[in-house]
1. Out of the total accessible area of the chain (probe 1.4 Å, heavy atoms of protein only), what percent is carbon and sulfur?
2. Roughly how compact is the chain, stated as its Cα Rg over 2.2 N^0.38 Å to two decimals?
3. What is the angle, in °, between the Cα long axis of helix 7-31 and the longest principal axis of the Cα atoms in the chain? Nearest 10 is fine, range 0 to 90.
4. Per residue, how much accessible surface does the chain expose to a 1.4 Å probe? Answer in Å², no decimals.
5. Can you give me the Rg/Rh ratio for the stretch 9-77, using Cα atoms for both radii and the Kirkwood formula for Rh?
6. Under unit Cβ charges (Lys, Arg +1; Asp, Glu -1), what dipole magnitude, rounded to 20 debye, does the stretch 1-80 have relative to its Cα centre?
7. Hand me the trypsin sites (Lys or Arg not before Pro) from the stretch 1-86 located in a DSSP loop with no more than 11 other Cβ atoms within 10 Å, in residue order please.
8. At q = 0.14, 0.16, 0.26 Å⁻¹, what log₁₀ I(q)/I(0) does a Debye calculation on the Cα points of the stretch 47-109 give, no solvent, two decimals?
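The values are calculated or read from the model by the stated rules, or taken from the named source; none is laboratory data. This is a predicted model, so every value here is computed, not measured. Here the Cβ is made from the backbone with ideal geometry for all residues, glycine too, and neighbour counts use every protein chain on show. For accessibility, only protein heavy atoms count, side chains too; no ligands or nucleic acids. Shrake-Rupley method; radii C 1.70, N 1.55, O 1.52, S 1.80 Å.
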Amino acid sequence: MKTLFKAGDIIIYLFAIILVIISFIGIYWIKSGSSQATVVIEANGKVISSFPLHEGIEPEEISIDTGNGKYNIVLVTHQGVRIKEANCSDQVCVRTGTISYPGQSIICIPHKVIIKIIGTQREEPPIDDIAS
């Protein structure tokens, strides 16, 4: 009569089950980390402002003067960061909208202004309409 499992088979199956359990625990542990998002505003390659982005932040407008009458007005709220107004010709930076997740950025090429969010993210960013 043949045996269904041999001793080596049982050891391999137990090792695989333990590996899967450890993987799920690791994924849960990584996702449960706190979100530490920081907004960095740069103009002409120099950091103008840097501050943490969190739920209790008060709404604030930051005016960025890049010289020669060029300006951007940045609006910071608890929902995220956006360029409210700019006097550049293409207005791409204004139309970009609000950013709130690490890895997102707004770039105003004519004024050489970059607004980016750096840090770790706690949850997946929402899927945009183009990807769905």
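1. Numbers: 5870 of 9680 Å².
The computed percentage sits at 61.
2. Computed over Cα atoms of the chain, the ratio equals 1.69.
3. Relative to the chain, helix 7-31 is tipped by roughly 20 degrees.
4. Numbers: 9680 Å² over 132 residues.
That works out to 73 Å² per residue.
5. Ratio value, two decimals: 1.41.
6. Dipole about the Cα centre, nearest 20: 700 debye.
7. On the way: sites: Lys2, Lys6, Lys31, Lys46, Lys70, Arg82, Lys84; in loops: Lys2, Lys6.
For trypsin sites (Lys or Arg not before Pro) across the stretch 1-86 that sit outside H, G, I, E and B with at most 11 neighbouring Cβ atoms in 10 Å, the list reads Lys2, Lys6.
8. -0.40, -0.52, -1.26
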